[in-house]
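J.: Take this structure first; my questions come after.
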Amino acid sequence: MPYDNNDGRLRGRKLQATRLRIWSKDPHCAKCRRLVAFPHGFELDHKKAVHQEGGNEDDNLQVLCVTTVGGTKTGCHIDKTAGDMGYKKRAVFDGSGRVVW
């Protein structure tokens, strides 16, 4: 099956180079301003989604934090994506079964 890269997404080395470049400019989450670690403490986010005519230019990309709590991803990137998709925020549970907001 041939590799299809016609959807406008960044992948592979180009994605990793872009992640490093954007993070190097400001290693803080764009929403909560928490200092994030490279490479696993954040996800690269499009301010305006690619399918809404947002591109992969540096001025349309931002660093948003992401963490894993009890095996579930949480953080500003998850919250922004949920909001963009019109989803309500769901409860996250820690290892003891307690709700973590």
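The values are calculated or read from the model by the stated rules, or taken from the named source; none is laboratory data. Treat the numbers as computed from the prediction; the structure is a model and nothing was measured. We place every Cβ from the backbone using ideal geometry, glycine too, and count neighbours over all the protein chains shown. Just the protein is used for accessible areas: all its heavy atoms, side chains included, with ligands, DNA and RNA removed. Shrake-Rupley method; radii C 1.70, N 1.55, O 1.52, S 1.80 Å.
J.: Assign unit charges at the C-beta atoms only (+1 for Lys and Arg, -1 for Asp and Glu), then state the dipole size of the chain relative to its Cα centre in Debye, rounded to the nearest 20.
T.: 320
J.: Rounded to the nearest 500 deg cm²/dmol, what is the calculated helix-only ellipticity per residue at 222 nm for the chain, with -39500 (n - 2.57) per DSSP H run of length n ≥ 4?
T.: Using -39500 (n - 2.57) per qualifying helix, the result is -7500 deg cm²/dmol.
J.: Another question, then. Towards the positive end of the charge dipole of the chain, with charges on Cβ (+1 Lys, Arg; -1 Asp, Glu), say which of GLY71, GLY86, LEU15 has the farthest Cα.
T.: Positive-end residue among those listed: GLY71.
J.: When only the heavy atoms of the protein chains count and the probe is 1.4 Å, how do LEU61, LEU15, LEU35 rank by accessible area, highest first?
T.: LEU35, LEU15, LEU61
J.: Using a 1.4 angstrom probe on heavy atoms only, work out the carbon and sulfur share of the accessible area of the chain in %.
T.: Heavy-atom surface of the chain belonging to carbon and sulfur, 1.4 Å probe: 54 percent.
J.: Now for a separate question. Kirkwood hydrodynamic radius, the chain, all distinct C-alpha pairs: what's the number in Å?
T.: 14.9
J.: Kindly provide the trypsin sites (Lys or Arg not before Pro) of segment 36-101 that DSSP labels as loop, not H, G, I, E or B, and whose Cβ sees at most 16 other Cβ atoms within 10 Å.
T.: Taking segment 36-101 and a limit of 16 other Cβ atoms within 10 Å, the loop trypsin sites (Lys or Arg not before Pro) found are LYS47, LYS48, LYS88, LYS89, ARG90, ARG98.
J.: Quick one: dipole size for segment 7-62, taken about the Cα centre, charges +1 on Lys/Arg Cβ and -1 on Asp/Glu Cβ, in debye to the nearest 20.
T.: With Lys and Arg at +1 and Asp and Glu at -1, about 220 debye.
J.: Which sequence of PHE42, PHE93 reflects their accessible areas, 1.4 Å probe, from the largest down?
T.: Largest to smallest exposure gives the sequence PHE93, PHE42.
J.: Given labels modelled 7 Å from the Cα in the Cβ direction, how far is it in nm from ALA82 to ASP59?
T.: 3.2
J.: Find how much the distance from SER24 to ASP94 grows on full extension, using 0.36 nm per residue of separation minus their present alpha carbon separation; answer in nm with one decimal.
T.: 22.0 nm
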